[in-house]
Ligand code: ANZ
Ligand code: ZN
């Protein structure tokens, strides 16, 4: 073939690799180091987008490199295939969710194969397949038997028109349902939870083990877990036998408490409310219940609340203080009650000012004399304790533990650690998810489905209306005898959050086709942890946290022998497209409608458009379809471009000119190799021992510099962009070389193809096979010859009386004496000294020789 034509080679090589089993995972073999390269698996929406292309190309380069470096590599792929879109397709178009999903999978699998990814497709996992969700259900039952899965009343978003529960994402900013437009209500329903809070401390502490994770991801996880150290203190209710427990991070301010405030949902609210206040309190609760959590906690919203008429006692002072309820206190955090310290808390300060509550200063900057009469804002810093009886004069940080200790002695409080992390609500009133495998028996209560009856298979021929309870609840499927007593019982109709499916899929790939067990322990422990995980930053918190949680629980079940699933994590940046927007109307304009890109105007109004880069999306008309790029340039160019254009963690701006540039580069490499082959007929480098000429040495240095640079770029911080630049440099050095008939040139051509193999696998194999019979992907990654890197000549400056007169080339390893000799005999020196007496010679090795003459 004389011209580079990707269409003619790419599919051919993809077929050949499959036939030769190149991407198959080697079996357990302890003589070779293992490498588990994993991309976050996609949701099968039906078509690939550029974000996928970037993600999977990065993982593929790493997998291919590691194979060539002698690792046994596991590089699998699968489908995160349960979830709402399939159900919506069923509601909108009447296609059964399974059919819609499997069609999409087939289509996307073909598209992924077109990218030339070295994936072992025999290990594909599909979360909606009964072979897979059987084990999702089995894992759920392991959690259940350990007390880590439980049911509890919980507030959900309830759509009163469609009579259904909505996920948070299905409620807009105004608190309306995406489907019906109804104002969403909060409703208490029994829901399933996983007890992730039991693992909060481990999940936080083990972040320290994750040296290969981006700092910012670890920080996001730590914030999400949200550990607060403080105290639990109890305020007795006046005239009642009960106490209000509060959580505070500032026990040092307890003498400054001027009120106690409950969340409206707090069970004590009704008890503390006096008869005169009852009507007002109930009206307020009703009002708050219609607000979303977002509305309640938004910073700019005023803090609203009302007094209950009840009173509590500050156990430290014996003082009576009013009990209020307020929207800014969340029922789900801490104890759902707060001690109000307006002088030292920003929210309490606002609340007290708006409601005429007293403000008592108990912490000051240096000493009591500083006590301000009227605070302009809350003083939230540390300082010296004042107005606090026996604690006066203490440093406020020391007072924290002293006050906790005192409370403990007196029996009204103790130290407490509080996490922001909540237990994980996993039940969904949906069809397209893994059924929660339990049975509700009127006699026995909740009975787990016996292992031998798993999977609980989703029934087919379901009617989708988008309204009411889960489509499962109306089906005869729900009626079963109780596995334990035989009484007529009912199946659980809730299905599991799809985040459960993706919390363990990486454990299944090492033994994806096991029908007897969730996985073979030896196999999974052999391959895990994932050595390199690559995916989007949008999964920085939930998916990664849940996967870490599952790993720890399964470890505690005795199935795994490690603590953390993902050794190294790369979160790739977004792919952005050029975006045109009319600043007046806010409308996005497709690039195809923009006539003059240098001065873009709205085709309708003529208004000059804003031009910027933004994440590709359908709604902004700034997407580039991977299939079009593949059709026009081929997969190798698409891969090279996405790798070259930006470092992997950074956002990437799509640019047609740069795509074109990579295509031209591949064309140049093609011609370089084709010309070489036609003159040489073989890629073999002869091994003769003769001394190399200077041009040969220079070329060899360029070759080995390239090996070193590309290897470092790939092994260190994954600088794929600079690695591609190095490939271009080597290609230039080869085309400029004047020793094209030398074995060194052959070495250079070989090396270029080998180094390119992970990046542009098709063209590399095609060119390699012009002179070889075995695939380039079975070759060993080239090694740096340190001798080749040696710069064997240096420039030595000749000075006479400190003045530079010229320079000569000398061997780099010449001794001091030799340098002086070269300098003395140089033409420069002979000409300028001309018989004068040399009084002194100063030699600076590696740099210069200076002659002092009379
Ligand atoms: C008294 C106090 C005085 C507080 C002070 C702060 C400063 P983090 O760090 O987020 O854990 N709080 C406790 N439970 C709450 C709830 N359910 N809803 C709203 N606020 C709640 O914050 C803990 C602090 O947030 C607690 O310490 C409590 O106010 C408030 F000078 O108690 B603090
Ligand atoms: Zn029973």
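The values are calculated or read from the model by the stated rules, or taken from the named source; none is laboratory data. What you are looking at is a predicted structure, and each value in this text was computed from that prediction instead of being measured. Please note: Cβ atoms are built from the backbone with ideal geometry, for glycine as well, and neighbour counts cover all protein chains shown.
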If I go through the range 108-129 residue by residue, how many of them are part of a helix (DSSP H, G or I) and either touching a residue at least 60 places away in the same chain (Cβ under 8 Å) or touching a helix residue (DSSP H, G or I) at 6+ places or on another chain (Cβ under 8 Å) (or both)? 9
Answer with yes or no whether residue 408 is over 34 Å from the mean Cα position of the chain (by Cα), without any contact (Cβ under 8 Å) to a residue 12 or more places away in the chain, over 26 Å from residue 170 (Cβ atoms) and away from ligand 1 (no atom under 16 Å from the Cβ). yes
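Got a sec? Which of 814, 818 is outside the structural domain of residue 71 (by TED's automatic domain parsing), part of a helix (DSSP H, G or I) and surrounded by 11 or more Cβ atoms within 10 Å (Cβ to Cβ)? Let's see the steps before the verdict.
Values: 814 fails: part of a helix (DSSP H, G or I).
Just a single option satisfies the conditions, and that option is 818.
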Applying the selection to the range 411-420, what residues are within 16 Å of ligand 1 (Cβ to nearest atom), outside any strand (DSSP E or B) and surrounded by fewer than 18 Cβ atoms within 10 Å (Cβ to Cβ)? 420
Single match in 185, 174 (criterion: more than 30 Å from residue 417 (Cβ to Cβ) and without any contact (Cβ under 8 Å) to a residue 12 or more places away in the chain): 174
Does the range 240-249 include one or more residues that are farther than 22 Å from residue 361 by Cα, crowded, with 17+ Cβ neighbours inside 10 Å and out of contact with any strand residue (DSSP E or B) (no Cβ under 8 Å at 6 or more places or on another chain)? no
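What about residue 545, is it assigned to a helix (DSSP H, G or I) and at pLDDT 90 or above? Give the steps one after another, and end with the answer.
Values: assigned to a helix (DSSP H, G or I): yes; at pLDDT 90 or above: yes.
When the stated conditions are applied, residue 545 passes them.
For (1) modelled with pLDDT under 95; (2) in contact with a helix residue (DSSP H, G or I) (Cβ under 8 Å, 6 or more places away or on another chain), each residue gets a yes or a no:
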| site | (1), (2) |
| --- | --- |
| 626 | yes, yes |
| 630 | no, yes |
| 635 | no, yes |
| 656 | yes, no |
| 666 | no, yes |
| 669 | no, yes |
| 675 | yes, no |
| 685 | yes, yes |
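Test residue 770 against the stated conditions and say whether it is assigned to a loop (DSSP other than H, G, I, E, B) and either out of contact with any strand residue (DSSP E or B) (no Cβ under 8 Å at 6 or more places or on another chain) or buried (at least 18 other Cβ atoms within 10 Å of the Cβ) (or both). Steps first, answer last, please.
On the way: assigned to a loop (DSSP other than H, G, I, E, B): yes; either out of contact with any strand residue (DSSP E or B) (no Cβ under 8 Å at 6 or more places or on another chain) or buried (at least 18 other Cβ atoms within 10 Å of the Cβ) (or both): yes.
Against the criterion (assigned to a loop (DSSP other than H, G, I, E, B) and either out of contact with any strand residue (DSSP E or B) (no Cβ under 8 Å at 6 or more places or on another chain) or buried (at least 18 other Cβ atoms within 10 Å of the Cβ) (or both)), residue 770 qualifies.
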Name every residue in the range 473-496 that is at pLDDT 95 or above, loosely packed, with under 12 Cβ neighbours inside 10 Å and either more than 14 Å from ligand 2 (Cβ to nearest atom) or not in a loop (DSSP other than H, G, I, E, B) (or both), in order of residue number. 479, 488
So, in the range 422-454, of the ones that are within 16 Å of ligand 2 (Cβ to nearest atom) and assigned to a strand (DSSP E or B), which residue ends up farthest from residue 147 (Cα to Cα)? 441
Taking first residues from the range 623-639 that are under 25 Å from residue 580 (Cβ atoms) and second residues anywhere that are in a loop (DSSP other than H, G, I, E, B), the pairs with Cβ under 6 Å that are 6 or more apart or on different chains are 623/616; 624/654; 626/48
Hey, among the residues in the range 799-819 that are in contact with a strand residue (DSSP E or B) (Cβ under 6 Å, 6 or more places away or on another chain) and closer than 26 Å to residue 697 by Cα, which one's modelled with the lowest pLDDT? 812
